[in-house]
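A.B. asks: The structure is given below, and queries will be raised subsequently.
No lab work stands behind these numbers, since they all come straight from the coordinates. Owing to the predicted nature of the structure, the values given are computational and were not obtained by experimental measurement. Every residue, glycine among them, receives a Cβ derived from its backbone with ideal geometry; neighbour counts consider all protein chains shown.
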Amino acid sequence: MARSSGSDPQHKSAFIAGVASFATWGLVPIYWKLLTRVPALEILAHRFVWTIVFLGILLSWQKRWREVIGNLRSRCSALFCFGSGVMVGLNWLLFIWAVTSVTSSKPVSAIS
């Protein structure tokens, strides 16, 4: 089996995407730290609303509304989507709350 070289354009774009992802995850908490006066639930609500707007535009542009409607008609798919959405929402709420509520420069594990 032949190994692909590291100069493959797909490898380069994957590397760039990985670096951008880690940089974003490193900088987003700094942005949220600036929003300490805004409640975590309000930040999450904005995230929810703007995600709906963005996905609505994206689904319209790609003409994929039929897939969404088909999944929503399936009770099992709709329940899985709802359940995973609730779990992701709770995860984001906890993460945003943790970043915005800790006022010390110490790590959360060191605060007691």
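A.B. asks: Tell me the net charge near Leu35. Cut-off is 14 Å between Cβ atoms, Leu35 excluded, with +1 for each Lys or Arg and -1 for each Asp or Glu. Before the final figure, lay out each step's value.
C.D. replies: Details: positive: Lys33, Arg37, Arg47; negative: Glu42.
My count for the surroundings of Leu35 gives +2.
A.B. asks: In a shell of Cβ-Cβ distance under 15 Å around Gly70, excluding Gly70 itself, what net charge do Lys and Arg (+1) and Asp and Glu (-1) give?
C.D. replies: Values: positive: Lys63, Arg64, Arg66, Arg73, Arg75; negative: Glu67.
So the environment of Gly70 carries a net charge of +4.
A.B. asks: Where Rh is the Kirkwood radius over the Cα pairs of segment 9-103, the temperature 37 °C and the viscosity 0.692 mPa s, what D in µm²/s does Stokes-Einstein return?
C.D. replies: The Stokes-Einstein estimate is 206 µm²/s.
A.B. asks: Go through 40-48, 68-76 and give me the packing order, highest mean Cβ count within 10 Å leading.
C.D. replies: Values: 40-48: 14.3, 68-76: 10.3.
So the peptides 40-48, 68-76, ranked by packing, come out 40-48, 68-76.
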